[in-house]
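Colleague: I'd like to ask some things about the structure below.
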Amino acid sequence: DATYETILVETRGGVGIVTLNRPKALNALNATLIRELGEALEAFEGDDAVGAVVITGSEKAFAAGADITEMATKSFTDVYLADLGGAWSRLLACRKPRVAAVSGYALGGGAELAQMCDLVIASETAKFGQPEITLGIIPGFGGTQRLTRAVGKAKAMDLILTGRMMDAQEAERSGLVSRVVPGEKLLEEALAAAEKIAGFSRAAVLAAKEAVEVAHETGLSEGVRFEKRAFQSLFATEDQKEGMAAFVEKRKPAFRNR
Ligand code: CO8
C-alpha cells in the first residue's frame, strides 16, 4: 500500500479503509489530507478487489473541520485561484460506496466529509456541526446544500446560522446519520456494512447508489424514469441471473461482477 502523511490506508476483505490521521489537529482537513484522501479513494476505485470504502477518524474526532491555521491569512484571490474546496471533486468522482464511521467531532468540513459519504454510522459520542459562521465564513464543501437536503431547511438553518453542535441522536432523528451504535462497536458495524455491500453485485450496487443520488438532483418523475431504466438494465447482467437463481434454488448467490 502507498504511504501517506496524513491518512492510514488498508484493505480488509473487500473493504478499503481510510483512517484520517492528524491526531494533534483533531484531523483538521488541510490541503495535503484532502489530496491524499482523493488519491486513496481513486486507488480503491481502481482496485477490483475493493467493493466499498470506510472512512473513519479517531475516537475524539472524525475531523474538526478544514484546517483553520492554513486558511487564516488567505485572501480571496488566494482561495479563488487555488480553487479552495475544488480538490473534493476527486473523492466525489469515486463511485464505490463510502461508509463514514464517525466518532467525536465532525465539524465544518468534517461534517461535510460525512455528508459526502453514502452511509453515516455514528458512535454515541459523535457531534455534528457547521461552526463556520463563528469564523466569519460559511460552509464551503457543500454543507449548505447537502445538509439542507439531508435534514431539511429548518434544521439546516438552525445549525448553519447558530453554529451549534448536535449529538448523534439528534443527527439520526434529523436524517443525517444512518445508524447510531456504541463507540466500541463503531468500526465493527461500519466494516460489516461495507463488507456486506462489497459482497453484492457491483453493477447493482453502483446502479442503486446512482439512482438514490438522482433523487437529490431531479424531480420525482425524472428520477422514477431513471430508476426504471437502471432497474431494467440490470437484467443484462449475469449477476441478476445468479441472484435470482440462488433464491429459487435456496442457496447463497455467488456474484461474479459480470
Ligand atoms: N483547524 C486547525 N486546527 C484545529 C482545528 C481546525 N479546524 N480544530 C482543532 N484544531 C487543533 C487545535 O488548534 C489544537 O491545536 P493545539 O494543540 O496546537 O492548540 C488541537 O487541534 C486540539 O484542539 P483543542 O485544544 O481546541 O481541543 P478541544 O477538545 O478543547 O476542542 C473543538 C475541540 C471544539 C473541536 C475545537 O478544537 C474547535 O472548535 N475546533 C474548530 C472547529 C471549527 O470551527 N471547524 C470549522 C472549520 S472551518 C471549515 O471547516 C470550513 C470548511 C469549508 C471551507 C471551504 C473553503 C472554500
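Colleague: Using the structure shown, decide if residue 85 is in contact with a Gly (Cβ under 8 Å, 6 or more places away or on another chain), of a type outside the set (Ser, Thr, Tyr) and on the phi > 0 side of the Ramachandran plot. It would help to see each step written out before you state the result.
Modeller: Numbers: in contact with a Gly (Cβ under 8 Å, 6 or more places away or on another chain): yes; of a type outside the set (Ser, Thr, Tyr): yes; on the phi > 0 side of the Ramachandran plot: yes.
Yes.
Colleague: Could you say which residue among 32, 11, 19 is touching a Phe, Trp or Tyr at 6+ places or on another chain (Cβ under 9 Å), outside any helix (DSSP H, G or I) and open to solvent by 10 Å² or more (accessible area, probe 1.4 Å)?
Modeller: Numbers: 32 fails: outside any helix (DSSP H, G or I); 19 fails: touching a Phe, Trp or Tyr at 6+ places or on another chain (Cβ under 9 Å).
Exactly one residue qualifies, and that residue is 11.
Colleague: Please work out which residue is most open to solvent (accessible area, probe 1.4 Å), limiting yourself to segment 227-250 and to residues that are in contact with a helix residue (DSSP H, G or I) (Cβ under 6 Å, 6 or more places away or on another chain) and over 20 Å from residue 199 (Cβ atoms).
Modeller: Checked segment 227-250; the qualifying residue most open to solvent (accessible area, probe 1.4 Å) is 227.
Colleague: Among residues belonging to segment 195-225 that are among the aliphatic types (A, V, I, L, M) and in contact with a Lys or Arg (Cβ under 9 Å, 6 or more places away or on another chain), point out the one that is farthest from residue 121 (Cα to Cα). It would help to see each step written out before you state the result.
Modeller: Going residue by residue through segment 195-225, those that are among the aliphatic types (A, V, I, L, M) are 197-198, 203-208, 211-212, 214-215, 220, 224.
Now narrow it down to the ones that are in contact with a Lys or Arg (Cβ under 9 Å, 6 or more places away or on another chain): 197-198, 203, 205-206.
Details: 197: 14, 198: 17, 203: 24, 205: 19, 206: 20 Å.
Per the criteria, the residue is 203.
Colleague: Can you name every one of the helices (runs of 4 or more DSSP H) wholly within segment 80-183 that holds 1 or more residues which are open to solvent by less than 10 Å² (accessible area, probe 1.4 Å)? Give the derivation first.
Modeller: Details: elements: 88-92, 109-115, 148-151, 153-162, 168-174.
Hits in segment 80-183: 88-92, 109-115, 153-162, 168-174.
Colleague: Hey, can you tell me all the residues within segment 35-77 that are in contact (Cβ under 8 Å) with a residue 40 or more places away in the chain, farther than 15 Å from residue 99 by Cα, charged (D, E, K, R) and open to solvent by 20 Å² or more (accessible area, probe 1.4 Å)?
Modeller: 35, 39, 42, 48, 59, 60, 70
Colleague: Also, quick follow-up: Scan segment 36-79 for residues that are more than 9 Å from the ligand (Cβ to nearest atom), in contact with a helix residue (DSSP H, G or I) (Cβ under 8 Å, 6 or more places away or on another chain) and not in a strand (DSSP E or B) and jot them down.
Modeller: Across segment 36-79, the qualifying residues are 37, 38, 39, 41, 42, 50, 51, 57, 58, 59.
The values are calculated or read from the model by the stated rules, or taken from the named source; none is laboratory data. Predicted model only: the values in this text are computed from it and were never measured. Because the Cβ atoms are built from the backbone with ideal geometry, glycine has one as well, and the counts that use them run over all protein chains shown. The protein model used for the area step is the full one, side chains on, heavy atoms only, and it has no ligands, DNA or RNA in it. Shrake-Rupley method; radii C 1.70, N 1.55, O 1.52, S 1.80 Å.
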